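Have a look at the structure below before the remarks.
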Amino acid sequence: MESTEIGRLNVIEESFDDWDDDDEGPDEDHEWYWDDATMLLKPAAGSGRTIVDELVSVLRKVTEFGCYCVIVSPAKADDDRVFVQCIATPAGFHIEAVSNVFLWDKPEKLDDQQHALLEALGWTEPTVPYDPADRPEDWTTTGDFTRNWWAAAGGDDAAERTAALMLHTLISVFRISGEPELEVRTFAATCQSYFWDSEAGELGWLD
């Protein structure tokens with residue numbers, strides 16, 4: 001797959017439907033640049049930046065345009081079962097890490113030690129039972145259940161805290177070792193009426 005350097009990120013060209021007038025690539029200042037974009041999250045050599053810095057840049061950029069989903073996963077994985085993701089808005093972030101609801105019968109199934117680490121990092125456990133035999137019939141269709149581990153961040157440093165939590169979780173909980181090569185995907189979300197609930201410490205959506 002062809003790729004090109006846009007700013008500091010290696011952008012996979014096939015992820016874009018639109019191009020600049022000069023046909024040299026997508027324009028990162030346009031909102032559509034972030035619609036269904038796929039990027040390798042890797043600092044440029046000699047830049048002095050970290051992978052956290054790069055994810056913060058993505059989170060801050062997408063929130064200039066409204067409500068976006070941002071998914072981060074290992075770039076060279078055979079599948080996309082392991083991931084962290086967030087809904088990014090100017091008001092704050094709703095963050096998720098994949099749980100045993102989706103990993104129950106997979107090799108990546110989380111063990112007790114990993115669950116304890118998730119709790120120590122501040123994640124909240126999902127309310128859907130892990131064992132499929134124990135799940136209610138409507139667990140996929142109702143908003144009354146949470147399906148992944150989740151957290152929330154608001155305030156001036158929300159992007160920094162969100163990026164740090166997402167990447168720390170991938171490396172320490174999901175045990176992605178060494179210098180991880182990570183892929184980040186962004187696409188527009190449907191929630192355009194959002195607010196930060198300071199009392200609950202959560203991102204909220206208006207009906």
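The values are calculated or read from the model by the stated rules, or taken from the named source; none is laboratory data. As the structure is a computational prediction, the values presented were derived from the model and not from experiment. Glycine gets a Cβ as well: all are built from the backbone with ideal geometry, and neighbour counts include every protein chain shown. These area figures cover heavy atoms from the full protein model, side chains too; ligands, DNA and RNA do not enter into them. Shrake-Rupley method; radii C 1.70, N 1.55, O 1.52, S 1.80 Å.
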Requested in this report: Tabulate in residue order the Karplus-calculated ³J(HN,Hα) for region 160-165, using 6.51 cos²θ - 1.76 cosθ + 1.60 with θ = phi - 60°, rounded to whole Hz; enter x for Gly and Pro.
Outcome: 5, 5, 5, 4, 4, 5
Query - Inter-probe distance in nm under a simple model that places probes 7 Å from Cα toward Cβ, at SER172 and VAL52 - result: 1.0 nm
Query raised in the report: Exactly which GluC sites (Glu not before Pro) in region 107-199 are in a DSSP loop and have at most 12 other Cβ atoms within 10 Å?
Result: GLU137, GLU199
Query raised in the report: Going from most exposed to least, what order do LYS42, LYS61, LYS109, LYS76 have by accessible area with a 1.4 Å probe?
Result: LYS76, LYS42, LYS109, LYS61
Query raised in the report: If only Cα atoms are counted, what is the Rg of region 61-120, and what is its Dmax, in Å?
Result: 13.9, 39
Requested in this report: Report in % the part of the accessible area of region 70-122 that belongs to carbon and sulfur, leaving out ligands and nucleic acids; probe 1.4 Å.
Outcome: 49 percent
Query - Two-decimal Rg to Rh for region 70-207 - Kirkwood Rh, Cα set - result: 0.95
Query raised in the report: With contacts defined as alpha carbon pairs under 8 Å and 6 or more residues apart, what's the relative contact order of region 56-207 in percent?
Result: 32 percent
Report summary line: Taking a probe of 1.4 Å and leaving out DNA, RNA and ligands, region 90-154 shows per residue an accessible area in Å² of 51 Å²
